[in-house]
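Peer 1: Here you go, one structure.
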Amino acid sequence: MWDLEWVIRDFNGRVSGDGWTMEKVDIIIVGGGLAGLSCAYELSDSGMTVIVLERGDFSGSKNVTGGRIYVAPLRSYLPALWKDAPLERHVSKEILTFLGEANSTTLELYSDRLNREPYPSYTILRAKFDRWLADLVSEKGVFVIPQKKVDDLIIDNNKKVIGVRTEDEEIGADCVVAADGILSFMAEKVGFRKPFQPQHFAVGFKEVIQLDPKIIEDRFRLEEGEGAAQLFVGSLTQGMTGGGFLYTNRESLSLGIVVGIHSLNRKEPREEVYKLLDHFKERPEIKNLIKGGIPVEYSAHLITEGGIQIKPKVYGDGILVAGDAAGLGLNMLVTVRGMEYAVASGVLAGRTIKKAKGKNDFSASSLADYERFLDESFIMQEMKTYQNSLTLLENERLFSKYPQVISDLFEKVMWVDEQSKESLYKTVYEGMKENFLNLQTFRDWLQFRKM
Ligand SMILES: Cc1cc2nc3c(=O)[nH]c(=O)nc-3n(C[C@H](O)[C@H](O)[C@H](O)COP(=O)(O)OP(=O)(O)OC[C@H]3O[C@@H](n4cnc5c(N)ncnc54)[C@H](O)[C@@H]3O)c2cc1C
């Protein structure tokens, strides 16, 4: 852990202008989450003085995620990082549950491909992972300074960002990286971000529930070290856009619920959103999985759903924006993406800075390389592919009607009582005719085709 005054006194230069003078480092990264730390990692071999300012007590203390990171797209970005990274379990099982009011249907995928090294995805606890990454970049010579909140950007008369202001200091830099998360005040300050629109955000609540590893493996039918990722859609969100998640960590479960804010605002009567998680925990499908567990962490956080439609400008004179601050998040219905985008965009911001340093030019036209790097990466390619996801996410039938219908139909297929059982074909056909063969479903299907 570094003390900012010491870093500035020993490593910096000074910058001065008309009647003023300010301490200066080469690069300031605001936010010690995945985006900021990945950028710092990339810059750690650059010979530049790089500082990361993080307002939390330590990196990871304020960072919330559901908990699965796809490492496959990131291996080429930070090849040396993943071998020793404190990830939880590799995901060998994908589970999708449609929840009706009083029934549910679950699809479960086990695949050898998921269970073969190099594993495509892992569960992750950010309090552990981000802290480890911060220590690693510190060892590599970057100054990671916790408990340091940035209050403002310093912008000169030519509209160039030349530093940041904290409660008690002004620090100059050739380039500032805004990696300050979903409500980035910095992106807003430089006019890159449009004002907050509720339909572009969801709110997530999460508990980490400690449980014996053997119990986790038994309950999810996993071998030692294997993990499961389970998503839930249906009655848990009471008709609102959203869903639930459950990830198996080494010694805990991450259980949470996400609800679209616009959907929440429309709900009558008003719902105390945190209570949804309490109800969810009471469902038999969940109750038996978490039985005997001890809640050890509770968190709530906003989550980006806007995709490409809310991506702000990401570069300007003396500034780059990365991760959630740059709106780089997607809800793909069957999975939420944000962490890979944060890591990759952080690395790309770092590469842009190295190139700009080579030219000694941190103007907007030089930093525009960042936009090109992003465009060529999997991030923007996926953002374009899923550019219509927002329209689909606004369709509340996906989160209420269909999960109920699927579970009801499956229940009907399996049900036996004192009546003689009707033909399987008739049960399925009539269920399909009643619920799916209509104009509304056809329209929903057309909408889905754009996803
Ligand atoms: C409930 C939930 C579930 C999710 N599930 C998944 C998932 O399963 N998979 C996935 O890929 N993504 C998921 N996401 C999204 C993912 O967590 C984010 O996209 C990712 O954390 C973004 O990383 P980041 O580094 O950009 O931002 P953050 O992790 O938010 O980091 C920003 C950092 O900046 C610091 N900061 C902010 N303001 C200041 C300031 N003024 N001064 C100094 N420091 C500041 C903060 O303290 C924080 O440490 C989920 C998100 C939520 C909320």
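Peer 1: Under 17 Å between alpha carbons, and skipping anything fewer than 8 positions from Lys194 in its own chain: which aspartates and glutamates qualify?
Peer 2: In chain and number order, the partners are Asp180, Glu305, Asp324.
Peer 1: OK, next. Using only the Cα atoms of the chain, what are the Rg and Dmax in Å?
Peer 2: Expressed in Å, the Cα Rg and Dmax of the chain come to 24.0, 93.
Peer 1: Shifting gears a bit: Would you list, by chain and number, the lysines whose Cα falls below 29 Å from the Cα of Lys426, excluding same-chain residues fewer than 8 positions away?
Peer 2: By straight Cα distance, Lys426 reaches Lys401, Lys412.
Peer 1: What angle do you read, to the nearest 10 degrees and between 0 and 90, between the alpha-carbon axis of helix 273-282 and the longest principal axis of the chain?
Peer 2: For helix 273-282, the angle is close to 50 degrees.
Peer 1: A further question follows. Over the chain, what relative contact order in percent results from Cα pairs under 8 Å that are six or more residues apart?
Peer 2: Normalised by residue count, the contact order of the chain is 19 percent.
Peer 1: Computing the accessible area with a 1.4 Å probe over protein heavy atoms, can you report the carbon and sulfur percentage for segment 373-451?
Peer 2: 58 percent
Peer 1: Separate question: List, in the order given, every pair from Lys83/Lys149; Lys24/Lys148; Lys62/Lys149; Lys148/Lys189; Lys128/Lys206; Lys62/Lys214 whose Cα-Cα distance in the structure shown is over 21 Å.
Peer 2: Lys83/Lys149; Lys62/Lys214
Peer 1: Over the heavy atoms of Arg250, what accessible area does a 1.4 Å probe trace out, to the nearest 10 Å²?
Peer 2: For Arg250, the solvent-accessible surface is approximately 120 Å².
Peer 1: In percent, how large is the relative contact order of segment 236-299, given Cα pairs closer than 8 Å and 6 or more residues apart?
Peer 2: Averaging sequence separation for qualifying contacts and normalising by length gives 25 percent for segment 236-299.
Peer 1: Let me ask you something else. 222 nm [θ] for the chain, helices only, -39500 (n - 2.57) per DSSP H run of 4+, per residue, to 500?
Peer 2: Dividing the helical sum by the residues of the chain leaves -9500 deg cm²/dmol.
Peer 1: Helix 339-359 against the longest principal axis of the chain: what's the angle in degrees, Cα atoms only, rounded to the nearest 10?
Peer 2: 20 degrees
Peer 1: I've got another one for you. In a Debye calculation with equal point scatterers on the alpha-carbon sites of segment 180-299 and no solvent, what is log10 I(q)/I(0) at q = 0.15 Å⁻¹?
Peer 2: Log-scaled intensity ratios, in q order: -0.76.
Peer 1: Roughly to the nearest percent, how much of the accessible area of segment 236-364 is carbon and sulfur, given a 1.4 Å probe? Display every interim value, and only then the final one.
Peer 2: Numbers: 2490 of 4780 Å².
Result for segment 236-364: 52 percent of the exposed heavy-atom area is carbon or sulfur.
Peer 1: What accessible area per residue, rounded to a whole number of Å², is obtained for the chain using a probe radius of 1.4 Å?
Peer 2: 46 Å²
Peer 1: What's the Cα-based Rg to Rh of segment 64-107, Rh via Kirkwood?
Peer 2: Looking at segment 64-107, the ratio lands at 1.16.
Peer 1: To test your reading of the geometry: what angle, between 0 and 90 degrees and rounded to tens, separates the Cα axis of helix 439-449 from the longest principal axis of the chain?
Peer 2: The answer is roughly 40 degrees.
Peer 1: With all protein chains present, how much of the accessible area of segment 13-136 (probe radius 1.4 Å) comes from carbon and sulfur, to the nearest whole percent?
Peer 2: Here it works out to 48 percent.
The values are calculated or read from the model by the stated rules, or taken from the named source; none is laboratory data. The structure presented is a predicted model; accordingly, all values stated were derived computationally and were not measured. Just so you know, the surface numbers come from the protein's heavy atoms only, side chains and all, with ligands and any DNA or RNA stripped out. Shrake-Rupley method; radii C 1.70, N 1.55, O 1.52, S 1.80 Å.
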